[in-house]
Amino acid sequence: AAAESAEETSVEAATISALKAALPVQKEIDALVSERKELSSKGLRDQHFSQGALLAFIGTAFAIEGPLNTYARAGKLFPGPHLYAGAGLVVLWALAYACVPAMQKGSDTARTVHIGANVAGMSLFAWQIVSGLPIMFKVIELTKFP
């Protein structure tokens, strides 16, 4: 009976020791849960979604308006890097948007694709600026102002 009691005491001591070792981990978990609740209460996901939707709407409208304006002014389109980058940008915005339902279900692959599409989109947007400046200067040069 004494050996059994000593064994139980040893098991209880090991259990208590294991629980004490886990306390710092639990504190870290509690801190992370608290931080997540605080961030969640700010509505950052909804804000990000609204800003992204607005950007996609305005960008798509300009991606359509630009070629229409060119065709109306010149009677033809000028296929080139600026036109292709704009079309590619709209496709990447659609891809990023299409990932949203899967991301809401917790898909890390969708999140990675969403981020990748937006990074590639930012690169194409930078190219839009670079390739659009000479076009803008040419339009200003050829425009007859009153």
Subject >> Which numbered condition residue 56 misses (of (1) more than 29 Å from residue 126 (Cα to Cα); (2) assigned to a helix (DSSP H, G or I); (3) open to solvent by less than 80 Å² (accessible area, probe 1.4 Å)) >> reply: (1)
Original post:
Out of (1) closer than 18 Å to residue 45 by Cβ; (2) of a type in the set (Val, Ile, Thr); (3) in contact with a Phe, Trp or Tyr (Cβ under 9 Å, 6 or more places away or on another chain), the odd one out for residue 70 is which?
Top reply: (1)
Subject >> Candidates 70, 9 - the one that is surrounded by 10 or more Cβ atoms within 10 Å (Cβ to Cβ) and more than 30 Å from residue 92 (Cα to Cα) >> reply: 9
**OP:** Give segment 102-146 a look and list any residue that's basic (Lys, Arg) and either under 15 Å from residue 83 (Cα atoms) or touching a helix residue (DSSP H, G or I) at 6+ places or on another chain (Cβ under 9 Å) (or both), or say none.
**Re:** 111
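Where residues in segment 90-105 are open to solvent by 50 Å² or more (accessible area, probe 1.4 Å) and either in contact with a strand residue (DSSP E or B) (Cβ under 7 Å, 6 or more places away or on another chain) or not hydroxyl-bearing (Ser, Thr, Tyr) (or both), which of them is farthest from residue 122 (Cα to Cα)?
In this case the residue turns out to be 105.
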**OP:** Might you check whether a residue that is more than 11 Å from residue 121 (Cα to Cα), open to solvent by less than 80 Å² (accessible area, probe 1.4 Å), part of a loop (DSSP other than H, G, I, E, B) and touching a residue at least 40 places away in the same chain (Cβ under 8 Å) occurs anywhere in segment 74-89?
**Re:** yes
**OP:** Could you give me the residue pairs with C-beta distances under 9 Å whose first residue belongs to segment 37-52 and is without any contact (Cβ under 8 Å) to a residue 60 or more places away in the chain and in a helix (DSSP H, G or I), whose second residue is of a type outside the set (Lys, Arg) and open to solvent by less than 90 Å² (accessible area, probe 1.4 Å) wherever it lies, and which are 6+ apart or on separate chains?
**Re:** 49/100; 52/93; 52/96; 52/100; 52/118
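Give segment 32-45 a look and list any residue that's open to solvent by less than 90 Å² (accessible area, probe 1.4 Å) and either at pLDDT 85 or above or under 24 Å from residue 91 (Cβ atoms) (or both), or say none.
Answer for segment 32-45, where residues must be open to solvent by less than 90 Å² (accessible area, probe 1.4 Å) and either at pLDDT 85 or above or under 24 Å from residue 91 (Cβ atoms) (or both): 33, 34.
The values are calculated or read from the model by the stated rules, or taken from the named source; none is laboratory data. Values in this document were obtained by computation on a predicted structure and should not be read as measured data. Here the Cβ is made from the backbone with ideal geometry for all residues, glycine too, and neighbour counts use every protein chain on show. Side chains are part of the model used for accessible areas, which takes the heavy atoms of the whole protein and leaves out ligands, DNA and RNA. Shrake-Rupley method; radii C 1.70, N 1.55, O 1.52, S 1.80 Å.
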